[in-house]
Amino acid sequence: MAKLMEDEVFKAFTTYAVIVVVKMLLMAPLTAFYRITRGAFANEEDVAIKPAEERKKLLRNHPDVERVRRCHQNDLENIIPFVLVGLLYTLTGPVLSTALLHFRIFAGSRICHTIAYLFSLPQPSRALSWVVGLLVNFSMSYNVLSTVLYL
Amino acid sequence: MAKLMEDEVFKAFTTYAVIVVVKMLLMAPLTAFYRITRGAFANEEDVAIKPAEERKKLLRNHPDVERVRRCHQNDLENIIPFVLVGLLYTLTGPVLSTALLHFRIFAGSRICHTIAYLFSLPQPSRALSWVVGLLVNFSMSYNVLSTVLYL
Amino acid sequence: MAKLMEDEVFKAFTTYAVIVVVKMLLMAPLTAFYRITRGAFANEEDVAIKPAEERKKLLRNHPDVERVRRCHQNDLENIIPFVLVGLLYTLTGPVLSTALLHFRIFAGSRICHTIAYLFSLPQPSRALSWVVGLLVNFSMSYNVLSTVLYL
């Protein structure tokens with residue numbers, strides 16, 4: 001089994017995959033932080049320790065919370081496919097430099113996307129970083145299907 | 001490493017996994033298309049180039065956008081588990097014909113599901129295609145657990 | 001290919017990964033059950049067989065449906081990263097007892113989380129079970145990156 005982890009492309013994939021997944025995981029504590037500081041909760045049991053008259057007001061949406069949640073959702077829609085397709089792409093035995101290019105551009109694009117989203121940077125910063133990540137996913141998918149097509 | 005990709009079941013899994021992930025990825029540009037053509041955006045920075053009096057009206061939900069988003073969400077809930085469980089199922093060494101049956105039915109059911117959702121086809125077309133995909137996921141899960149159970 | 005499935009850590013990972021994914025998959029039929037029993041649907045075609053005057057009332061949100069959906073979403077945000085990072089963690093060849101500890105704590109925390117969410121148990125039961133699962137994901141990520149770092 002250790003054979004896979006001796007391969008340089010596999011090590012590179014593993015590194016970048018874990019980095020982007022950790023980035024995605026961090027969106028959850030960030031959502032919790034905004035829920036607490038902005039006072040915007042989704043469940044009645046979450047506000048049970050507050051005085052009764054305050055509770056109803058705290059069960060609401062807040063723009064800052066919704067923004068982090070949209071960013072998190074966009075991560076789910078893009079980072080998970082990257083890891084899934086990236087793993088299969090890695091197993092097709094691509095050239096190290098080409099593979100690294102895919103992984104680095106993707107990781108960079110998602111970090112830019114998160115910054116653009118959380119700080120509400122002017123468009124098209126967020127749109128571009130999203131498109132770049134999507135193109136990496138399509139490029140890896142195309143490479144996999146053109147190497148291994150078994151219908 | 002190239003050993004895995006010489007296996008026929010693994011090649012078949014890779015092919016169908018990438019096809020359904022690409023189908024899922026395409027829902028994102030489709031959402032963007034509906035947001036732009038229907039004029040329904042989620043972020044203030046997305047409407048910053050519009051005249052000030054129009055901006056507020058464009059920050060809204062539109063039924064067509066919400067429909068694509070629900071379809072995308074359903075893909076996340078079903079296609080990602082297919083790739084995760086399907087990979088482990090493939091590694092248990094199933095018979096090629098049985099594995100192909102699982103992969104083909106799943107891919108077919110998700111394509112039917114998307115068509116039924118986007119074109120609002122009468123029920124139970126969407127419900128049935130969703131259930132078929134779910135049953136494939138349960139069948140693969142059962143096969144994996146009955147082959148490899150290590151608690 | 002069958003080599004991977006002879007490894008004890010890989011068998012343990014496979015078992016726990018499929019268990020938590022099946023748990024996640026079950027949230028979808030549960031949502032369907034609540035939609036039907038509570039009469040709260042999202043699509044016009046889903047209520048087409050009802051009498052015309054009832055239809056509009058059935059296209060609504062219901063707190064029970066929204067609760068299951070939030071629980072499902074939390075699963076997507078935590079269980080999928082567990083399977084992705086857990087697979088790479090398993091491939092780094094960890095000690096069996098350490099790996100089992102990670103897998104068992106994670107599976108236990110997610111089952112507690114689901115119970116706490118669906119039965120609206122008093123906080124911090126849900127928050128704690130969520131944090132425990134998150135810490136397992138971070139611990140596995142740290143282990144992978146400290147073993148395999150190839151930037």
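The values are calculated or read from the model by the stated rules, or taken from the named source; none is laboratory data. Quick caveat: nothing in here was measured; it's all calculated off a predicted structure. Using ideal geometry, Cβ is built from the backbone for each residue, glycine included, and neighbour counts are taken over all protein chains shown. With ligands, DNA and RNA removed, areas are computed over all heavy atoms of the protein, side chains included. Shrake-Rupley method; radii C 1.70, N 1.55, O 1.52, S 1.80 Å.
Below, the figures for the structure above:
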read-out	value
³J(HN,Hα), Karplus 6.51/-1.76/1.60, whole Hz, each residue of region C:73-90, x for Gly, Pro	4, 5, 4, 4, 6, 10, 6, 5, x, 4, 5, 5, 5, x, 5, 5, 4, 4
Average beta carbon contacts from partner chains per residue of C:34-42, 10 Å cutoff	0
Within region B:22-68: Cβ-based charge dipole about Cα centre, in debye rounded to nearest 20 (Lys, Arg +1; Asp, Glu -1)	160
Helix-only mean residue ellipticity at 222 nm for the protein assembly as shown, each DSSP H run of n ≥ 4 adding -39500 (n - 2.57), per residue, nearest 500	-26000 deg cm²/dmol
Estimated D of chain C in µm² per second, where Rh is the Kirkwood radius over Cα pairs and Stokes-Einstein applies at 10 °C, 1.306 mPa s	91
10 Å Cβ neighbours from other chains, averaged over peptide A:70-80	4
Ordering of B:15-26, C:51-62 by packing [mean C-beta count within 10 Å, highest first]	B:15-26, C:51-62
Residue-span extension gain [B:R60 to B:I36] - 0.36 nm each, minus C-alpha spacing	7.4 nm
Over the protein assembly as shown, volume per residue of the alpha carbon convex hull, in Å³	151
Shielding by other protein chains, A:133-140, mean Cβ within 10 Å	2
Point-charge dipole on Cβ atoms (K/R +1, D/E -1) for the protein assembly as shown, about Cα centre, debye to 20	1060
Heavy-atom accessible area order for C:C112, C:C71, largest first, 1.4 Å probe	C:C112, C:C71
Aspartates and glutamates with Cα under 19 Å of B:K57, excluding same-chain neighbours fewer than 8 positions away	A:E66, B:E44, B:E45, B:D46, B:E66
Inter-part distance where region A:4-36 and region A:98-144 are each reduced to a Cα centre, Å	15
Cβ charges +1 (Lys, Arg) and -1 (Asp, Glu), total dipole of chain A, debye	400
Degrees between helix C:125-147 axis and first principal axis of chain C (Cα, 0 to 90, nearest 10)	40
Exam field: A:V131 pseudo-label spacings to other copies (7 Å along Cα-Cβ), nanometres	4.3, 4.3
Two-decimal log10 I(q)/I(0) for region B:72-119, as the Debye equation yields it once each C-alpha is a single scatterer, q = 0.19, 0.28, 0.33 Å⁻¹	-0.65, -1.05, -1.21
Accessible carbon and sulfur surface of region C:43-151 relative to its total accessible area, %, 1.4 Å	64
Share of Cα-Cα pairs in region A:52-137 lying beyond 23 Å, as whole percent	37
Alpha-carbon Rg/Rh ratio, for region A:11-56, with Rh computed the Kirkwood way	1.30
In the B-A interface, the accessible area buried, summed over both sides, Å² (probe 1.4 Å)	2900
